[in-house]
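Down below is the structure, laid out as structure tokens.
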Amino acid sequence: MYTYPKKLVFALLLFLYQQLAAQDVIRQESCDTNPFRTEIDSLKNVFTSQGYIVLREASMTMQSQYEMPIVVPMNQGSLYQFVFIGEPTSRLYEVRMFDYNEKQVVYKKNQWGDVDGNIISYSYVPQFSEYHMIKPVQVNKTKKKLCGYVLLLKKVQ
């Protein structure tokens with residue numbers, strides 16, 4: 001009976017593990033934000049003039065009808081502003097936010113043609129210092145792969 005070298009067996013097992021583990025991971029990929037650039041810049045200017053600082057911002061490739069989970073730490077008593085910008089051609093935009101205990105604390109919904117259109121923005125003051133999960137989603141009839149943009153700001157005293 002032939003025995004395989006330990007290094008070869010280890011390398012094969014490591015390769016198989018990486019392939020299996022990679023299938024369960026949702027990867028956030030950036031996308032082209034040029035169509036949103038004027039909206040992004042004007043919103044950042046408005047909020048920074050009101051005393052907010054940008055904590056996180058990112059563009060992300062999304063799939064129509066699928067939520068993109070975002071986990072962020074938040075401090076008790078601080079005022080946060082969250083902004084989600086979806087593709088203008090989508091017909092529905094939703095954002096749900098959950099606290100650490102998976103209790104829904106925010107739900108916002110816009111439809112194509114609403115005054116706010118493709119932008120959902122809300123302020124939030126957490127009751128506890130803990131991680132929160134934000135789940136934006138957009139629905140588009142003609143496109144499957146969509147671009148979204150998120151912005152998390154915090155009011156500085």
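The values are calculated or read from the model by the stated rules, or taken from the named source; none is laboratory data. All figures in this text were calculated on a predicted structure; none of them were measured in a lab. Cβ placement follows ideal geometry from the backbone for every residue including glycine, while neighbour counts extend to all protein chains displayed.
Brief remarks on what is shown
- In region 23-45, the condition of being modelled with pLDDT of 90 or more, in contact with a helix residue (DSSP H, G or I) (Cβ under 7 Å, 6 or more places away or on another chain) and under 24 Å from P126 (Cα atoms) is met by no residue.
- If you go through region 106-157 and keep only what is assigned to a loop (DSSP other than H, G, I, E, B), of a type outside the set (D, E, K, R) and either surrounded by 15 or more Cβ atoms within 10 Å (Cβ to Cβ) or touching a strand residue (DSSP E or B) at 6+ places or on another chain (Cβ under 6 Å) (or both), you end up with W112, G117, N118, P126, N140, V156.
- Scanning region 66-90 for residues that are surrounded by fewer than 17 Cβ atoms within 10 Å (Cβ to Cβ) and over 14 Å from the mean Cα position of the chain (by Cα) yields N75, Q76, G77, S78, L79, P88, T89.
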